[in-house]
Amino acid sequence: MQRRRTLSCIAMLAVLGVLTALVASRQPFILEADNAVGRALVVRGAGTSIDVLQVLTAPGAEDVRYPILMPIAGFLLWFRRWRLAAFVAVSALAVAPLTTLLKEAVGRERPSYAGTSVEAGGMSFPSGHSSGTAVLTGVLLVLLWPRSAPP
């Protein structure tokens, strides 16, 4: 079981490394694919459609992630589950600075699309909301998966 977890982590890191290298190298095919997907997914308008998207991306934000994960870390400390508490706390606290470091290293400007009601500047890869959501989901899976096994 431990070997499978280790191999899964290595595989995920390898995929992230390949994607990062492709984006950082500014290969035309990857940028064209990124722009095509962006154009297809962009939401033009305001109101409910933007509100729904903000709710869907909220789990990746620090002001949602911290209030969920830090009490869990405290709860684990209370029960002297030191390693698990450290995993939760480090995951919650480290994702934002690591994402910022990767954004600065890759230097991928956030694309803009005409006719949208939301404009954002800065770097775009990796997405802070996506990184935060991945950490939140990953930590919750690590904590809850053993509880989901049949008796």
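Nothing in this text is a laboratory measurement; each read-out follows from the coordinates by a stated rule. The model shown is predicted, which means the values in this text are computed figures rather than measured ones. With ideal geometry, Cβ positions are generated from the backbone for all residues, glycine too; neighbour counts draw on all protein chains shown.
Before moving on, here are some points about what is shown:
- Order of E62, E104 - criterion: other Cβ atoms within 10 Å of each residue's Cβ, fewest first: E104, E62
- Ordered by the count of other Cβ atoms within 10 Å of each Cβ, fewest first, I10, I72 give I10, I72.
- Order by protection proxy (mean Cβ within 10 Å, highest first), peptides 125-138, 89-102: 125-138, 89-102
- Relative to the current alpha-carbon distance between T20 and R147, full extension at 0.36 nm per residue lengthens the span by 42.3 nm.
- Label sites at E104 and L56, each approximated as a point 7 angstrom past Cα along Cα to Cβ, lie 3.2 nm apart.
- If the chain linking V37 and V90 were pulled fully straight, counting 0.36 nm for each residue of separation and taking away their Cα-Cα distance, it would gain 15.8 nm.
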